[in-house]
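Here's the structure we're looking at; comments come further down.
The values are calculated or read from the model by the stated rules, or taken from the named source; none is laboratory data. On a predicted model such as this, the values are computed, not experimentally measured, just so you know. Backbone-built Cβ (ideal geometry, glycine too); neighbour counts: all protein chains shown.
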Amino acid sequence: MKLIYFVVCCIPFILNAQHSRIFPQPAALKTNNETFLHKGQLILPQSDAGKHIVTVFHEAFERESGVHIETGPKPTVELIENIDLAGESYLLEVKSKQIRIEYADMNGLLYAFQTLNQWINLPNEIEGVSIMDQPRFSYRGTHLDCSRHFFTIEELKGFIDQMAQLKFNRFHWHLTDDQGWRIEIKKYPLLTEIGAWRDSTVVGHYSRTPRTYEKQRYGGFYTQEEAKGLVKYAQDRGITIIPEIELPGHARAALAAYPSLGCSGEQLPVEGLWGVFDDVFCTQDETITFLKNVLDEVIAIFPSETIHIGGDEVPKVRWKTCSKCQANIKKMGLKDEHELQRYVIETMEQHLRSKGRKIIGWDEILEGGLAANAQVMSWRGTEGGIAAAKAGHQVVMTPTSHCYFDYYQSSHPDEPLAIGGFLPLEKVYHYNPVPTELTKKEQQFIIGAQANLWTEYLPTMDAVEYHTFPRLVAMSEVVWCIEKRPYSEFLPALARYYLPRLKQQGINYSSAFLDVEMLLKPVPNGLELTPHSSLNVQYFSDANKMEGKIERLELERTAQVVHRTFPVTTWYNNIPYRTTNYNFVTHLALGKAVHFETKPSLKYNYNDSLGLTNGIVGALPWRGDQWVGFTEDTIRFSLDLGTLTDISQIELGTLNDPGSWIYRPQTILVEYSTNGKKFKKYSKQAITEDRIKLVKSKKVKVLRFTITTVSEVEQGMPGAGTTPWTFLDELILTR
Ligand code: ACM
Ligand code: ZN
């Protein structure tokens, strides 16, 4: 019998927060009063398991624990396979005479040694302990986009080492996209001769105008031998590589190599801009055969049972005017181009199934139905995952809101350019991959979660690391821990134990979690802001000395816009981290609570009723915490100034960033009242600029706002078919 929930049966193993130096935190850990003297060496049995561990861990133990490991006739570490344990689980017992490891399978054995390496923290001895550990989810993934930017095999090995340390077991390798085809396919050599190279790359954020390009050839690819080598390297560390071959969209690199695979046959370059492009694979037989042939070579390289076939962001523009695609629709009796997309996915699914494999794809593959054993990656939100689980598909949760590590992790102005979005460490940590909308039975279909590293704005491994760490440490506890410790325990333990480890390994992690968080409090004449952190962080106005300690900032309401700047330097462990120049605007609505009749989305609702009146003007490139986000067709809110007040101008910022599915709203109606009961029109107009300015002198007490928005992202655009975001900030009133 498999002891699936064996941890529950082991009540004596109470977790001790004091010993929280292992990441992800083990399910149960109890120290004993014994000590194992290792004297700088551990001897493993001369079995296959022992030899494998020495090969994989020899260097890491030497470097991090200062312990030499080797196999020998008199082992000091006992290794016992126990097939009654739950998959990937292990028991680790350190006593004075011996170290004993029981493991369910190869991953369980590897994880016991990852844990042991983190547990050893003394030169000659190991603290006695009993650890029982098992993962919450069977799929614990990290994705890396190697198309937008290329990373060498050596760099990828380093990335895999980091994943392995945190007990991740799936590496989703994004190998093809519009900007570069990265895997050698012998039958189609031009895919890498032409498709792996682009002549230019857009400079800065792609929404910036005017656009400029760096005109330099950029690219690279992996030979099949190199890819096989990486598969083996990952396998030895308990990680399955899931390759992704994007189809039928994000195909521009392939079309540059073989234009006849597209609908128009037009020769287009490998793309140098980021986004979603109209030219996709045609659905003609020639292209279907090509895709099958590509997948045949891919499955010969990658033993993974599941193969990722993309499926996301497929504009139907070309298919609509392509005679071959239209003939297909007719011949197969399909309703429209969406069903044509289903045909492509279905065909690939059947092909891979005939070879004993399964497909996994982005949640768009659900459109129009899907074969039962196909897995779904829910990325546009949780809805796709919920629908897929209800339909009986296995699901990997990777919603942008909690899993897109290309998003900003701080709104500090010195953060390196990112795609947009806001995903701080704490938000990752609080993620629960199992949507509450699912019944107990449906929840079983959620097999795990994955962090995604898209690399449009991450050109180097240094940049990838900065976005990955420490958020991946938080994600490791999300996917591993059946019961997570509170964030207030995770954060100091991370800072004390894991970050020094990353530093020793030369990993460029971010310390953005030290940035100031300001708690807001409305006061009679304005707003008070108090810096806050879960760590022992201190704040000073002098960047060079621990002087000018900041308890709080005070902002007074003003009749005209006044700009104020406060420098706040964060200090941690007596070392200055960085200075935030807080730029505020003061005005008549500062610190006045807004009543939202239309509730902001939980994803973009920072500072509650003060989100629009906190004195911080939402800036570009956008970070979520500065903006209040909505997904409704009509947004209504009101502002009560408390007393009759003379105003002559109302200003409200909006955001237009179609690449992030954010659209400028369409119309605004403002009404005013002197008593909060009877309202008259102040102004009504179409919104044509990002900053709305309404000018009229009135005496007002209450203002009422009605804003209409764009209700659906049009076909061909990123996020097509979804309800776009409307972002607002700051609501500025002046006399
Ligand atoms: C995706 O981010 N386009 C899956
Ligand atoms: Zn076509």
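Computed quantities for the displayed model
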read-out: Condition met for Val231 (crowded, with 20+ Cβ neighbours inside 10 Å, in contact with a strand residue (DSSP E or B) (Cβ under 6 Å, 6 or more places away or on another chain) and within 26 Å of Met163 (Cα to Cα)); value: yes
read-out: Residue match in the range 408-430 (condition: in contact (Cβ under 8 Å) with a residue 12 or more places away in the chain, surrounded by 21 or more Cβ atoms within 10 Å (Cβ to Cβ), in a loop (DSSP other than H, G, I, E, B) and aromatic (Phe, Trp, Tyr)); value: no
read-out: Test: residue in the range 343-361 that is of a type in the set (A, V, I, L, M, F, W, C) and assigned to a loop (DSSP other than H, G, I, E, B); value: no
read-out: One residue from Glu59, Glu64 being more than 26 Å from Phe490 (Cβ to Cβ) and modelled with pLDDT of 50 or more; value: Glu59
read-out: Cβ pairs under 9 Å, 6+ apart, first in the range 294-323 and aromatic (Phe, Trp, Tyr), second surrounded by fewer than 18 Cβ atoms within 10 Å (Cβ to Cβ); value: Phe302/Lys228; Trp319/Gln326
read-out: Boolean, Gly361 is modelled with pLDDT of 95 or more, among the small types (Gly, Ala, Ser) and within 14 Å of ligand 1 (Cβ to nearest atom); value: yes
read-out: Lone qualifier among Ile131, Ile160 - being touching a helix residue (DSSP H, G or I) at 6+ places or on another chain (Cβ under 8 Å), of a type in the set (Val, Ile, Thr) and farther than 15 Å from Gly238 by Cβ; value: Ile131
read-out: Sole exception among (1) within 16 Å of ligand 1 (Cβ to nearest atom); (2) closer than 30 Å to Phe513 by Cα; (3) part of a loop (DSSP other than H, G, I, E, B) for Ser401, by number; value: (3)
read-out: Flag for Glu78 being among the charged types (D, E, K, R) and not in a strand (DSSP E or B); value: no
read-out: Residue that is surrounded by the most Cβ atoms within 10 Å (Cβ to Cβ), among those in the range 306-317 that are closer than 21 Å to Gly265 by Cβ and aliphatic (A, V, I, L, M); value: Val314
read-out: Residue that is nearest to ligand 2 (Cβ to nearest atom) [pool: residues in the range 303-317 that are in contact with a Lys or Arg (Cβ under 9 Å, 6 or more places away or on another chain) and in a strand (DSSP E or B)]; value: Ile307
read-out: Tally of residues being away from ligand 1 (no atom under 16 Å from the Cβ) and at pLDDT below 95 across the range 693-728; value: 4
read-out: Flag for Glu426 being closer than 25 Å to Cys481 by Cα and away from ligand 2 (no atom under 16 Å from the Cβ); value: yes
read-out: Residue under evaluation Gln235, criteria (1) over 23 Å from the mean Cα position of the chain (by Cα); (2) assigned to a loop (DSSP other than H, G, I, E, B), criterion not met; value: (2)
read-out: Matching option when the condition is away from ligand 2 (no atom under 11 Å from the Cβ), surrounded by fewer than 22 Cβ atoms within 10 Å (Cβ to Cβ) and among the charged types (D, E, K, R), among Lys335, Lys320; value: Lys335
read-out: Members of the range 254-286 that are under 25 Å from the mean Cα position of the chain (by Cα) and away from ligand 2 (no atom under 16 Å from the Cβ); value: Glu271, Gly272, Leu273, Trp274, Gly275, Val276
read-out: Members of the range 77-90 found to be buried (at least 18 other Cβ atoms within 10 Å of the Cβ) and among the β-branched types (Val, Ile, Thr), listed by number; value: Val77
read-out: Meets criteria (of a type outside the set (A, V, I, L, M) and surrounded by 23 or more Cβ atoms within 10 Å (Cβ to Cβ)) for Gly659; value: no
read-out: Residue list for the range 245-261, restricted to those being touching a residue at least 40 places away in the same chain (Cβ under 8 Å), buried (at least 24 other Cβ atoms within 10 Å of the Cβ) and more than 16 Å from ligand 1 (Cβ to nearest atom); value: Ala254, Ala256
read-out: Pair list, Cβ under 6 Å, 6 or more apart: the range 650-669 residue touching a residue at least 12 places away in the same chain (Cβ under 8 Å), other residue among the small types (Gly, Ala, Ser) and surrounded by 19 or more Cβ atoms within 10 Å (Cβ to Cβ); value: Gly653/Gly618; Asp657/Ser207; Gly659/Ser207; Ser660/Gly420; Trp661/Gly719
read-out: Test result for Val270, part of a loop (DSSP other than H, G, I, E, B) and of a type in the set (Val, Ile, Thr); value: yes
read-out: 1 or more residues of a type in the set (S, T, N, Q), touching a residue at least 12 places away in the same chain (Cβ under 8 Å) and crowded, with 18+ Cβ neighbours inside 10 Å: qualifying strands (runs of 3 or more DSSP E) within the range 123-199; value: 125-133, 139-145
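Here is a yes/no grid of residues against (1) within 16 Å of ligand 1 (Cβ to nearest atom); (2) hydrophobic (A, V, I, L, M, F, W, C); (3) out of contact with any Pro (no Cβ under 6 Å at 6 or more places or on another chain); (4) farther than 30 Å from Gln216 by Cα:
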residue	(1), (2), (3), (4)
Glu271	yes, no, yes, no
Phe277	yes, yes, yes, no
Glu286	no, no, yes, yes
Asn293	no, no, yes, yes
Glu349	no, no, yes, yes
